[in-house]
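Written below as structure tokens is the structure these notes are about.
The values are calculated or read from the model by the stated rules, or taken from the named source; none is laboratory data. Note that the coordinates shown come from a computational prediction; the quantities given were computed from them, not determined experimentally. Methodologically, a virtual Cβ is constructed for each residue, glycine included, from the backbone with ideal geometry; neighbour enumeration extends over all protein chains shown. For the accessible areas, the whole protein counts, side chains as well, though only heavy atoms, and no ligand, DNA or RNA atoms are used. Shrake-Rupley method; radii C 1.70, N 1.55, O 1.52, S 1.80 Å.
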Amino acid sequence: MRCDICEHDLAKWDLPPSRWTREVWICTWCFAVVRVGGDGAIVRQAYSEWDLRWEAAWTDMVPDARRHAYGYFRRTLCGIERPDLAGSPFGMWGGGRDECPGCTAAARAIDDRWPEDRRDDLGRILVPATGPAPVHPSERDPLPGELGHPDVQLPEVRRSPPARVVAAAQGVIGDGPEAVRLPACWAGYGIGPYRPYDGRDRTFAWFQAYALDSVPPLDEASFVGDYAWFGEIGEPLDYRTAVTDPIAAELARDGLELPADFLALITRSGLHRCLDRVGGGAWTDVAGPVPSPLDPADRLVAFFRDQQSCIVWYLYLHHNGQSAVVSSDRDLTSAQGDYYGPDGELAVPKPPELFWNAPSTETFAYRFFVEGSLIDAIGERRRPDEVDPEHLAYLAHYLPVVSGGAGARRGAEVNSGEPEAGWGAPPF
């Protein structure tokens, strides 16, 4: 195909097809974007000003990646190429004081290639639709036998009660009078109709703060830092250890260290970004360390956030060596701007509030991964036999007791005894 703006060749972008888009083509000269939709329509996107058009670059392999504009094909507009380079799910690029001058020059040059008389197009249909738009399973009601249907039954899972519930010491990090005590909750998405998001708690936007005694209890004995529940975790990635090594060195000067399970989640090839791929809307972003607002001797390392930073998860490192995963609606790793009151007056912002979420990185990762996988399974209308049995056992916590022994049971009403044949013992 050739570009209808400048008549240069289009190059196919290496994005996997989605329910809405079969292919994406990019002009090699003016960077016009042409999409082949799921309904067969071929549409060229409308013009955007140079400083509103580009996503910020996102890669673990460039420390200042966000200074650069993502120019498609795994490279920035100024020419930096990395195998994991992509457009950032958080933040656009353009017009900032510290942005790459090379990317700025390229963006302006590309902008000049658009004829003035073509800039008012609202997006041009090059080829009309040839069929109906595809319907994603999440857009129809679940059928009998699919997750989300009110009559679907899950296999009954027999399991032993936890030897020691993970949340036993919830909210406390450290010992004695120097311990930090925080409000405790699980900040999570709704899980379809099984744990609806009702919007009553607006602490974390579309995440909801769930009381820890309302979520499935986890058995502490199952989490020893090896991520056995995940499977093959792989070897450390050089470009990820390049991120964690400077943080570890700075912490060492304060007598602190990163726990092994934290390092595994961030650096191992199998685990790296595993949480980004489930549930949607949150991504790994490591930054810090920064002093804790509760005790200047403690440190925080940010490692996970939602797309708009409505919630940021941190590893809290207490000066006595203990640690836990906490969350906040504030990004404590970047400088805060001026805060204005309701009448426009300059005001002092309220101190950031931290919430205790999990006693370790692995337990946090387990709960987030399982819940995200269930959200995906429900949205894709999978049947129970297409879902990991351990995840079904987690979901069973939210179902009422079903008479006759064929249904799932609530987490507090489980049977004791050995797991049934063919089922692994879940870590809760």
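Taking the Cα centre of the chain as origin, work out the dipole magnitude from +1 charges on Lys and Arg Cβ and -1 charges on Asp and Glu Cβ, in debye rounded to 20.
Working: 41 positive and 64 negative charges, 133 e Å.
For this selection, approximately 640 debye.
Take the Kirkwood radius over Cα pairs of region 223-295, plug it into Stokes-Einstein at 10 °C and 1.306 mPa s, and you get 117 µm²/s for translational diffusion.
For the set Phe369, Phe303, solvent exposure ranked by accessible area (probe 1.4 Å, protein chains only) runs largest to smallest as Phe369, Phe303. When the chain is treated as a GNM with alpha-carbon contacts under 10 Å, the residue of Phe230, Phe207, Phe364 showing the greatest mean-square fluctuation is Phe230.
Evaluate E = 1/(1 + (r/R0)^6) for Arg124 and Tyr239, where r is the Cβ-Cβ distance and R0 equals 35 Å; express this FRET efficiency to the nearest 0.05.
Values: r = 40 Å, r/R0 = 1.15.
Computed FRET efficiency for Arg124 and Tyr239: 0.30.
Counting only GluC sites (Glu not before Pro) that DSSP places in a loop and that have at most 11 other Cβ atoms within 10 Å, the longest clean stretch of the chain runs over 50-231.
Along its first, second and third principal axes, ordered by size, region 1-110 spans 41, 27, 20 Å in Cα coordinates.
Apolar share of the accessible surface for the chain: 52 percent from carbon plus sulfur atoms, 1.4 Å probe. In the context of the full protein assembly, Arg74 retains an accessible surface of approximately 90 Å², using a probe radius of 1.4 Å and ignoring ligands and nucleic acids. Inter-label distance, Glu7 to Asp64: 4.1 nm, where each label sits 7 Å from its Cα along the C-beta direction. Here the calculated FRET efficiency for Ala221 and Gln153, from their Cβ-Cβ distance with R0 = 22 Å, stands at 0.15, rounded to the nearest 0.05.
Annotation: amide H-H contacts under 5 Å for Ala184 (H modelled 1.01 Å from N, sequence separation of 5 or more, or interchain): Trp356. Residues considered: Gly123, Gly279, Gly87. Largest GNM mean-square fluctuation over the chain, using C-alpha springs under 10 Å, is found at Gly123. The Cα atoms of region 274-315 give a gyration tensor whose axes a ≥ b ≥ c have a/c of 1.5 or more with a/b greater than b/c, which makes the shape prolate. Taking all protein chains together and rolling a 1.4 Å probe, Asp329 ends up with roughly 70 Å² accessible. For the options His397, His272, His136, a Gaussian network treatment of the chain with springs between C-alpha atoms closer than 10 Å singles out His136 as fluctuating the most.
With every protein chain kept in the model, how would you rank Leu52, Leu294, Leu126 by accessible area, 1.4 Å probe, largest at the top?
On the way: Leu52 125, Leu294 85, Leu126 65 Å².
Final ranking, largest accessible area leading: Leu52, Leu294, Leu126.
Compared with the alpha-carbon gap, the fully stretched path from Ala46 to Ala109 is longer by 20.9 nm at 0.36 nm per residue. Taking θ as phi - 60° and the Karplus parameters 6.51, -1.76 and 1.60, the scalar couplings of region 119-127 work out to 7, 8, 4, 8, x, 9, 7, 7, 9 Hz in sequence order, x denoting glycine and proline. So for the pair Glu23, Asp39, with labels modelled 7 Å out along Cα→Cβ, what separation do we get in nm? According to this spin-label approximation, the distance is 2.0 nm. For the pair Glu250 and Asp117 in one chain, pulling the backbone fully straight at 0.36 nm per residue adds 42.4 nm over the alpha carbon distance.
Could you give the length gained on full extension between Glu386 and His136, defined as 0.36 nm per residue of separation minus the Cα-Cα distance, in nm?
Details: separation 250, 0.36 × 250 = 90.00 nm, distance 1.77 nm.
Roughly 88.2 nm would be gained on extension.
Summary of the geometry: region 206-229 and region 366-401, compared by the centres of their Cα atoms, lie 14 Å apart.
Shape annotation for the chain: C-alpha extents along the principal axes are 72, 57, 52 Å, from largest to smallest. Computed with a 1.4 Å probe on the full set of protein chains, the accessible area for Met61 sits at about 60 Å².
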